[in-house]
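Enquirer: Got a structure here, written out as structure tokens. Questions coming.
Taken together, the values in this text are just the output of simple stated rules run on the coordinates, not laboratory data. It should be emphasised that the depicted structure is a prediction, and the values quoted were computed from it without experimental measurement. Because the Cβ atoms are built from the backbone with ideal geometry, glycine has one as well, and the counts that use them run over all protein chains shown.
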Amino acid sequence: MESWFIVLASLAYLLSLFAIAWYGDRTAAGTGERRTPLLYALSFGVYCTSWTFYGAVGRAATGGFYFLPIYIGPIVVIGLGWPILARIVRVAKSENVVSISDFLSARYGKSRGLAALVTITAVIGLLPYIALQLKAISVSFEILAGDTLGSEVSQLPGGTSLLAALLMAAFAILFGVRNISANEHHRGLMMAIAAESVVKLAAAIGVGAAIAFAAFGNLNAFVEAAASHPGFLELMSVGNIGADWWVACLLSGLAILCLPRQFHVAVVENTHTGDVRSSARLFPAYLVAINLFVLPVALAGLMLFPDGRINADTFMVSIPLRQGWPWLALIAFIGGLSAATSMILVEMVALSTMICNDIAVPLLMALRPNDPRLRDEPAAVLLAVRRSAVIVLVLLSYGCYRLIGSAFPLATIGMMSFTAVAQFAPALLGGLVWSRASRGGAFAGICAGFIGWAYTMLLPSFADAGWLAASALREGPFGLTGLSPVALAGIGNIDPLTNAALWSLGPNLFLFVVISLLTRPSTLERQQAARFMSLRRAADGESHGPRGATLADLHDLAVRYVGAARADTAFRRFTGVRDGDLNTALLARSDGEAIQMTERLLAGAVGSASARVVVAGLLSDRRLSRTDARSIIDEASRAILKQHELLRATIENVPQGIAVFDEDWRVATWNNQFVVLLELPDGFVQVGTSLEEIVRFIDRRGEYGHNGEIETLLSRRSDPRRRNRPDMYERVRPDGSVLEIATNPMPGGGFVAVYTDVTDRHRAAEALREANESLERRIAERTRDLSEAKGEAERANRSKTRFLAAASHDLLQPLHAARLFLSALGERHQDTAIRQIDASLRSVEQILGDLLDVSKIDSGVVRPNPVPMRVDELLKPLGEEFTVLASRHGLGLRVVDCGLTVRSDPTLLRRILQNYLANAVRYTRTGRILLGCRRRGNSLSIEVWDTGPGIPEHKVPEIFMEFRQLDNAVDERGKGLGLGLAIVERLAGILNHPVQVRSRVGHGSAFSVLVPLTDERVAVRPATVRPRVRDLRGVLVLCLENEPAIARATEDLLTSWSCRVTTAATPDHALAALNGQTPDVILTDYHLDRSLTGVEALRTLRARLGAVPAAVVTADRDIAVREDIEAAGCHLLYKPVRPGALRALLGQLLSQSEQRKAG
């Protein structure tokens, strides 16, 4: 796989961690400190480093079951010993602990020296462990990249491992070292760590399962393969388990508590103690799941690489590459990268905090006590120290990797660091359970353990790496074999790990106990030990609860101190009983949480220390001693005094003036704001000052004489109607300020008066009143403006209507003439060019018609006239009309009969269906078209289906827009302006008929309109008889037309039909041209010269010639024009006229004339 792609994938993964952490920090304020047990348990997954992801397989391939101890220890400690961790969490919260060094320092008298020792030990012991992660990243990257690793990448300063280390440092600085409050919860960092736990778990299971099932197929095949592999079978022998296996279990169990990163995620980042118990179930399950496929992968690697040339620690990457699965290898690499980065990130945060707090700060305070930067801006200095510590740690880890990376396997390096941090365990666990444990014992134990670790484990590792002669180790310093690191005190028949654990933890524990017994702890140590022990006992009480005590006992105790009301409220909230019987719930036994709740309740009355003594006295069923009673009284007195001071401070810091008057209406107490608001002199108000004196003083300033009325507090309280009742009134002072005075009677007589300055409220109310008046004026003005604007719009609309009428006439007149000339020409000559010109003119006619229709609809000229109608009366004519057009283009058109009745405007509904059918014929190349109906409840859906190209779903809204057409070819069938469906939508809106489109690209479309059904009777319409083609030879036609071109065109067309034609512009000219003849038919335009209408001209001619059949041919589509023509009993034909329609009209008029003559 290309190296650049691996680098990009790694960077993308790291950037995703940045994004998760950024999101977590952004949302942390909104979520608060709510419980997140799953996030907390997943953060424990930081324990699973690259040692787990790669080293477990390598250890299983070389040592069989020796990969298990590092998981068995944590499973036992967390799964069974979670109360220990819960106790550590409670202590840490109470002591505001930020690291394991801070915890040990707090336990042993706030010892800075002990904290510094723990920090130094942790840094030295964990540098190889951090280097192990860099090694895992580097080795897996080189294997995955293979020959594609370019010289540019390999020649980078430090290679990819340094780049990864610097990225980890940047991440730790951004999301873990952003401020100096180290005990805050880094929600963003923890979310990123939890995400990494999920990623490495998924990668371990996914890659392991793929390898296992590809290599073996099922469990039976794996067992058979293991049994047939002699080397693996020997490794898996239980007899190979030695003392070092159990020692590794012990060290791993201690490491889960003592590793700084584990302490950070488990203790410092804990938001709720109850989450510890949840992790006791979830974290062991996580460890089991991540190791499910360790043995199958190890066996598969041994079978694929029997020569042993491939490092077993790399099987998770090497096996997929060998099998030709580069993507699986990349997933394994990302999983290993996730395992390494999570450890580095949290370890950097924890160690930088320890270095800053326990080494850098004491040194700065000792060496530069008067530094102004440290005095004025300590936060910036300390933040720089912590960030610098992260960078230095990264560089030291990288140097350690370059020094020892190739010399040791992953498991060896990891166990070395585990042994180093295990030296904190005696002081940590002993300090929780043994009150005699002292600072001297802890310091001596850790020093001895660290020296023993360095001498018996770190020094022999140098010989294993080839930096030290093995013979020098065996012979010991100065030839003293008894001092040999591998056989100290002559004990040489034990394994190296057991040897190191024995000579590090042994002296550590021995000195811790002995020196603690020999030394006397300081007063501060004893106080801290007492705090730790008291928290331990409280925790025990929480777990087991007192014997013989019930909630009723605690409730009765609370009633005696705080009263029944407060006690009932607190215990109802605790038991969850809202309105039910509280006594039944109080029969339950108490637990630690109930005891803590009762202590908090009593602490408000007698203080926290006395509350604990009182509750303990109840639980132990003993009487209080004199000392306890005196302590309770003192504590209660202090609590009462403190509450009095708190109440006094509260009264003095409210904005209202408060005065309390006794039953004789004399001042009992008051606050300073009372004096300020009434502008009373200093010292005027004293305890015992009467209300009458205060009122008399204010009256002398003339504050009560407002409009001749006297309204004083004295007079109002003296009123029998207001006595012993709450009262409130307002007083306007001479300077314009307003005081609101509220009084409430006291239970034992007297009252409390509260003075509030409400001047601003009154001014705001006055401003609001003025604003309302101004708003009303503006609304009135705006209403007038809107009325004027409405009138102007109506005038503009009328002008638009008049313009449309004129435009209709002026645009269609020349088009009408052209159509007539062309038709006349077509009667004489059969030429394809004439047909093409005629088709073009029809297209122009349709476009102009659509434009005018849209304008008329938008202007409100078109108004629907809904009537009941039979659907088949609409569908059959449409079918006949479009069947011919469809067959001309090779399409089939089918109309499904429907006998239902709907209520709609026949003309507008027909136009909607015409446009649907026209589009179907226009855009369907092959196939057929269907016109039919479907019943939809109380409505009828009239639908047009076609087999056209279909419409993409995202373009459906566009087809109803004006001048918007899809890019579908329509060949010779013509292409309009894209107004057809825009007209459909407008007409459907006028009719209140919903339209719908369903379409599939490549299959066709279905357009429908939903019309309401009705039970109304349909008026009987006379059957329309299609007139037969009439011979017009010799027919005399009078044409009244003021446009010479149209007159000539009409004459040419009628002459081609063998008619005799007389044209004239006015009735007088017409009579003169007829020369006494009576025409058979009269055709007239509506708008003639001199404002003469065609109807008026016909009236004049008929007066002279008789009832001659007549028709008006006009381009004016105004409703008033149509009504005028129909009132005159004339036929109406709109321009431009189709020749066929004109000929049919002439035949109809001649038939009516013959019928009249016959009658």
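Enquirer: What is the order of Phe418, Phe443, fewest Cβ neighbours within 10 Å to most? The partial results should precede the final answer.
Expert: On the way: Phe418 28, Phe443 21.
Ordered from fewest to most neighbouring Cβ atoms within 10 Å, Phe418, Phe443 come out as Phe443, Phe418.
Enquirer: Quick one: what are the phi-derived ³J(HN,Hα) couplings along the range 738-746, Karplus 6.51/-1.76/1.60 with θ = phi - 60°, whole Hz, x for glycine and proline?
Expert: Coupling constants for the range 738-746: 10, 10, 9, 10, 10, 10, 9, x, 8 Hz.
Enquirer: Follow-up question, since we're still on this one. Output ³J(HN,Hα) for the range 384-399: one whole-Hz value per residue in order, computed from phi by the Karplus curve 6.51 cos²θ - 1.76 cosθ + 1.60 with θ = phi - 60°, and x for Gly and Pro.
Expert: Listing the rounded values in order: 5, 5, 5, 5, 5, 5, 4, 5, 5, 4, 4, 5, 5, 5, 5, x Hz.
Enquirer: Spelling out what I want: for every residue of the range 920-925, take phi, set θ = phi - 60°, compute 6.51 cos²θ - 1.76 cosθ + 1.60 (Karplus), and round to whole Hz; glycine and proline get x.
Expert: 4, 5, 5, 9, 8, 7
Enquirer: Treating only the Cβ atoms of Lys and Arg (+1) and Asp and Glu (-1) as charged, compute the dipole magnitude of the range 1049-1119 about its Cα centre; round to the nearest 20 debye. Don't skip to the end; give the middle numbers.
Expert: On the way: 6 positive and 9 negative charges, 54 e Å.
Approximately 260 debye in magnitude.
Enquirer: Which order do the peptides 904-914, 91-101 come out in when sorted by mean C-beta neighbours inside 10 angstrom, highest first?
Expert: Answer by packing, highest mean first, reads 91-101, 904-914.
Enquirer: Sorted by average packing, counted as other Cβ atoms within 10 angstrom per residue and highest first, what order do 79-87, 1087-1095 take?
Expert: Descending packing order for the listed peptides: 79-87, 1087-1095.
Enquirer: Please give the net charge around Tyr54, taking every other residue with its beta carbon less than 14 angstrom from that of Tyr54, where Lys and Arg add +1 and Asp and Glu add -1. Write down the numbers at each step before the final one.
Expert: Details: positive: Arg59, Lys135, Lys200; negative: Glu142, Asp313.
The answer is +1.
Enquirer: Sorting check: for 104-115, 232-243, which peptide has the highest mean count of neighbouring beta carbons within 10 Å, and how do the rest follow?
Expert: Details: 104-115: 21.8, 232-243: 13.3.
Ranking, from highest mean packing down: 104-115, 232-243.
Enquirer: Once you list every other residue whose beta carbon is under 11 Å from the beta carbon of Asp1085, what net charge do they have if Lys and Arg are +1 and Asp and Glu are -1?
Expert: Numbers: positive: Lys1135; negative: Glu1041, Glu1043, Asp1089, Asp1116.
Net charge in that neighbourhood comes out at -3.
Enquirer: Sticking with this one: By count of other Cβ within 10 Å, fewest leading, how are Leu38, Leu601 ordered?
Expert: Values: Leu38 13, Leu601 22.
Least to most surrounded, the residues fall as Leu38, Leu601.
Enquirer: Using modelled backbone amide H atoms (1.01 Å from N, in-plane), which distant-in-sequence or interchain residues come within less than 5 Å of Ala1110's amide H?
Expert: Ile1082, His1131
Enquirer: Around Val421, what is the net charge, scoring Lys/Arg as +1 and Asp/Glu as -1 over all other residues with Cβ under 14 Å from its Cβ? List each step's numbers first, then the result.
Expert: Values: positive: Arg261; negative: Glu347.
Here the charged neighbours net out to 0.
Enquirer: Quick one: which residues, 5+ away or cross-chain, put their amide H under 5 Å from the amide H of Leu893? H built at 1.01 Å from N.
Expert: Those qualifying (amide H under 5 Å, at least 5 residues apart or on another chain) are Ile929.
Enquirer: Pull up all non-local amide H partners of Ser939: gap of 5 or more, or a different chain, and H-to-H distance under 5 Å with H placed in the peptide plane.
Expert: Answer set, sorted by chain and number: Leu1013.
Enquirer: Sort Thr314, Thr689, Thr569 so that the residue with the fewest other Cβ atoms within 10 Å of its own Cβ comes first and the one with the most comes last.
Expert: Working: Thr314 24, Thr689 18, Thr569 13.
In order of increasing Cβ crowding within 10 Å: Thr569, Thr689, Thr314.
Enquirer: Here's a follow-up. Could you work out how far the C-alpha centroid of the range 1025-1083 sits from that of the range 335-352, in angstrom?
Expert: The range 1025-1083 and the range 335-352 have Cα centres spaced 103 Å from each other.
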